[in-house]
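Data block below; observations after.
No value in this document is a laboratory result; all are computed from the given coordinates. Keep in mind that what you see is a predicted model, and the values were worked out from it rather than measured. Cβ sites come from the backbone with ideal geometry, for glycine too, and all protein chains shown count toward neighbours.
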Amino acid sequence: MTVVTRWWPRFRGRLHEPRTATAVGRWLAAGVLVCFVTGLISHLLQTPPGWLAPRLPSRPVSGYRVTQGLHVATGIALVPLLLVKLWAVYPRLFVRPPVRSVRHALERLSVAVLVSAALLEVVLGLVNIVQWYPWPFSFRPVHWALAWVLVGALLLHLAVKAPEITAHWRKDGPGSRELPAADAGDRRSLLLGMGAAVGTVTLLTAGQSAAPLRPLNLLAPRHPDHTEQGLPVNRTAAAAGVTGEAVATDTWRLRVDGPRAYELSLAELGALPSHRERLPIACVEGWSASARWDGVRIRDLLDLAGAPADAFVRVVSLQTRGAFSVMEMGPGYARDPLTLLALRVNDETLSANHGFPARIIAPNRPGVWQTKWVTRIEVLP
Ligand SMILES: Nc1nc2c(c(=O)[nH]1)N[C@H]1C(S)=C(S)[C@@H](COP(=O)(O)O)O[C@H]1N2
Ligand SMILES: [Mo]
């Protein structure tokens, strides 16, 4: 008897088949869909194209908190889903012969694109939520472009696999006759294990944006309760190059440029009608936290400057280092009675790291546009 030894691996069934791939794949597809749609929303709220900018809604107040919280939670849930899916299909990497036809080669190429885009996209997102930027490129354009590659490759994959997906969609579908009945129990265990893994990572991280889950927030990079004045600090005054002199109480001025430009000292600003609102900061990096803010309505400041009702405004920070020193907002936000130039948070004067003496807080907006250390508001023509 001759024993043929081969150097390449061999795989014999046991869950590496289309029914398992389909059962896992639909959860994965649902996760990718939620992540893609919420990512699209985030992108449009952060950098809207010209036609959309004047139409962005300032309600619901916590809209961005919910969509971005979902985006990051589903992104994290994709990790176990992807691992199980890759485990179910990895023997296909070693099929012999590796290429049977041009069609087969193209199909394998599209799967290679799909898998690489999915892994890269998830890893980029995870690295971003821990605020680690080890790459020379900037995160957003790459994450955005890869999302389209991923969704395109996924649609192509679904089209190519449509016959197998329909045959195996139900556990007793037409494809089930070829599968060993003995595997059904193992498959159920695998899917239950996957569900448990998704549930666990979600419960241990979602508290970074969903307040009721706070006590379980053991794994998320940010704990929104652990910092100054009840809010995390993303960029400190020191990191932004905002020095004590620039924000000294007696020399700081707010300048409002418009048809009737004017300047206010901190005392004069503080003497204007003050409003108290409860609004969240919802950071694009995945954490959210609500706070009570006291401040002057932006629309009151604009009215004093004689700004037209449909004007866009530009807000300029005293920051000297890093991004986000300038922000623009459309009339939907600027005229909203909830949009404040806040002077106090949670009953305390803003700390230096939270934007002393004045910061923007607006409803349904990404945290990046809640500009700190404000010094000038310009009414745009
Ligand atoms: N001027 C300025 N404002 C800024 C930033 C900044 O870097 N510079 N960071 C923004 C980001 S990304 C977020 S999430 C919030 C965080 O606010 P906090 O540090 O007060 O919690 O502030 C925003 N305002
Ligand atoms: Mo942020």
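Plainly put, the chain has a radius of gyration that is 1.10 times its Kirkwood radius, both from alpha-carbon atoms, as the Rg/Rh ratio.
With charges only on Cβ, +1 for K and R and -1 for D and E, what is the dipole size of the chain about its Cα centre, in debye, rounded to 20?
1720
At most 11 other Cβ atoms within 10 Å plus a DSSP loop assignment makes a site exposed; report the longest stretch of the chain without any exposed trypsin sites (Lys or Arg not before Pro). Longest gap between qualifying sites, sites excluded: 13-320.
In this Cβ point-charge picture (+1 for Lys and Arg, -1 for Asp and Glu), the range 1-144 has a dipole of about 560 debye about its Cα centre.
Distance between the C-alpha centres of the range 314-363 and the range 120-136: 27 Å, rounded to the whole angstrom. By the count of other C-beta atoms within 10 Å, a proxy for reagent exposure, 109, 120, 81, 28 are ordered fewest to most as 109, 120, 28, 81. Of the chymotrypsin sites (Phe, Trp or Tyr not before Pro) found in the range 16-89, those in coil by DSSP whose Cβ has at most 11 other Cβ atoms within 10 Å are 51.
Listed by Cβ neighbour count within 10 Å, with the fewest neighbours leading, 374, 84 appear as 374, 84.
Here the relative contact order of the chain, from alpha carbon pairs under 8 Å that lie six or more residues apart, stands at 19 percent.
Please say if the range 99-217 is rounded, prolate or oblate, where rounded means a/c under 1.5 for a ≥ b ≥ c the square roots of the C-alpha gyration tensor eigenvalues, and otherwise the choice is prolate for a/b larger than b/c and oblate otherwise? Oblate is the answer for the range 99-217, as a/c is 1.5 or above yet b/c matches or exceeds a/b. Sorted ascending by nearby beta carbons within 10 Å, beginning with the fewest, 38, 339, 243 become 243, 38, 339.
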